[in-house]
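S.K.: Can you read through this structure? Questions will come right after.
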Amino acid sequence: MAKIEIPPDHPRKVSLETREAIIEGHDLQVVATAGLLAHGRGEAFDYLIGEKTTELAEKATRVAVAAMLLAKHPVISVNGNACALVPDELVELSELTNAPLEVNLFYYRKEREDAIKDMLAKSGMKELLGTHDRPSETIPELKSNRRKVDPDGIGAADVVLVPLEDGDRTQALKTIDKYVITIDLNPMSRTAVYSDVTMVDNIIRSLPLMVQFAKEMKDLSEEELRKIVDDYDNDENLAMSVRIIMKNLDAIASDVSSLRKKKNISKVDEQ
Ligand code: PTJ
């Protein structure tokens, strides 16, 4: 399918380009069809959060990186959406934090696993755990395809980064005592609530920020990293994220003139 050209001055350029990356990923079988729906839900929450990294999300990102740097065996779980949107950053973060990449799909098909492996290889990935030709073990608490994990990866991990997850798996990973870090634009999702650290941010912003922080923080002492993690409260982070959404909605509802202005601007755009 031909990629559409988005004019450089289009007011929704970033959002449309991200959508194109997901569609292209779907054409390549990297993204599941349900991944298109998941992306749409993410877009809606991103709109509500203001389509930017909030101070809260920035703090959570710092905590997430500190936990990965402190971990004995961190692992980054990769699904179709994450791979399609930030393949380069997944590989870079994996190298910076010594966290292997493990493919773990809800809608498993071998063609998808192969397509994800190819896309990550193009971004410089050397090894992918969790593939069908590797040994596997199961998370007994889980019934979906995600129950299969790599014994050298998630099976042995103390800290797992699970971006854009479904709630069941985060809960299951918690019951087997993993420290779970996630990226989820919906602060009310089960994944967001059950995780130890939730970056309420778009993965297209949070992964590059994780890479930047991993570079900046890699020489911090264990004590300094531990303090960053210990001072953090994820429930507070989620409650405040919901408040940001309410504040944004309240600002729109109380400013009728800005809505009228927006409407007039769109009329001019259409001419
Ligand atoms: O590739 P697979 O087969 O493993 O399937 C991946 C999906 C994403 C389809 C699967 O994990 C799934 O169904 O996820 P859910 O239950 O739809 O949850 C995805 C969550 O990610 C939702 O809470 C969305 O709001 C959120 N989300 C979607 N896009 C983004 C996002 N959060 C951050 N950045 C995004 N770009």
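S.K.: What's the long-distance tail for the chain, i.e. % of Cα pairs beyond 35 Å?
M.R.: Distances greater than 35 Å cover 17 percent of the Cα pairs.
S.K.: Could you give the dipole magnitude of the chain about its Cα centre, charging the beta-carbon of Lys and Arg +1 and that of Asp and Glu -1, in debye to the nearest 20?
M.R.: Dipole about the Cα centre, nearest 20: 800 debye.
S.K.: Which order results if I4, I245 are arranged by neighbouring Cβ count within 10 Å, fewest first?
M.R.: Arranged by neighbour count, lowest to highest, I4, I245 become I4, I245.
S.K.: On to the next question. Quick check for me: using +1 on Lys/Arg Cβ and -1 on Asp/Glu Cβ, what's the dipole size of the range 101-156 about its Cα centre, in debye to the nearest 20?
M.R.: 220 debye
S.K.: Can you compute the helix-only [θ] at 222 nm over the chain? Use -39500 (n - 2.57) per DSSP H run of at least 4 residues, normalise by all residues, nearest 500 deg cm²/dmol.
M.R.: -17500 deg cm²/dmol
S.K.: Report the gain in length on full extension from K13 to D114: 0.36 nm times residue separation, minus Cα-Cα distance, nm rounded to one decimal.
M.R.: Gain in length upon complete extension: 33.3 nm.
S.K.: Relative contact order of the range 112-271, please, whole-number percent, based on alpha carbon pairs below 8 angstrom and at least 6 residues apart.
M.R.: Relative CO of the range 112-271 lands at 13 percent.
S.K.: Still on this structure: Just rank L16, L209, L93, fewest to most, by other beta-carbon atoms within 10 angstrom.
M.R.: The most exposed by this proxy come first: L16, L209, L93.
S.K.: Same structure, new question: Can you list the HN-Hα couplings for the range 104-109, worked out from phi with the Karplus curve (6.51, -1.76, 1.60; θ = phi - 60°), rounded to whole Hz and with x for Gly and Pro?
M.R.: Result, rounded to whole Hz: 8, 10, 6, 9, 6, 9.
S.K.: Under the definition of Cα pairs under 8 Å and six or more residues apart, what whole-number percent is the relative contact order of the chain?
M.R.: It comes to 21 percent, rounded to a whole number.
S.K.: Angle, helix 256-270 long axis vs. longest principal axis of the chain, Cα atoms, 0 to 90°, nearest 10?
M.R.: Approximately 90 degrees, to the nearest 10.
S.K.: For K122, which lysines qualify as cross-link partners when the Cα separation must be under 24 Å and same-chain residues fewer than eight apart are set aside?
M.R.: Within the straight-line cut-off, K122 pairs with K3, K110, K215.
S.K.: Sort S94, S221 by Cβ crowding within 10 Å, fewest neighbours at the top.
M.R.: Sorted ascending by nearby Cβ count, the order is S221, S94.
S.K.: Let me ask something else. For the range 65-188, what relative contact order do you get, as a whole percent, if you take Cα pairs closer than 8 Å and at least 6 residues apart?
M.R.: Reported relative contact order: 27 percent.
S.K.: For the range 68-117 and the range 193-207, write down the distance between their C-alpha centroids in whole Å.
M.R.: Each part's Cα centre sits 15 Å from the other's.
S.K.: Pick out, from P151, V30, A121, the residue whose Cα sits farthest towards the positive end of the charge dipole of the range 30-167, with +1 on the Cβ of Lys and Arg and -1 on the Cβ of Asp and Glu.
M.R.: It is P151, whose Cα lies furthest towards the positive end.
S.K.: Oh, and also: Which residue, Y179, Y232, Y194, has the most motion in a Gaussian network model of the chain that connects Cα atoms within less than 10 Å?
M.R.: Result for the chain, Cα springs under 10 Å: Y232 fluctuates most.
S.K.: Please report the antiparallel percentage of DSSP beta bridges with both residues in the chain, rounded to the nearest 5.
M.R.: So the antiparallel bridges amount to about 10 percent of the total.
The numbers here are math on the coordinates, done by the rules we state, and not lab data. Note that the coordinates shown come from a computational prediction; the quantities given were computed from them, not determined experimentally. So basically every Cβ, Gly included, is an ideal-geometry build from the backbone, and we count neighbours across all protein chains shown.
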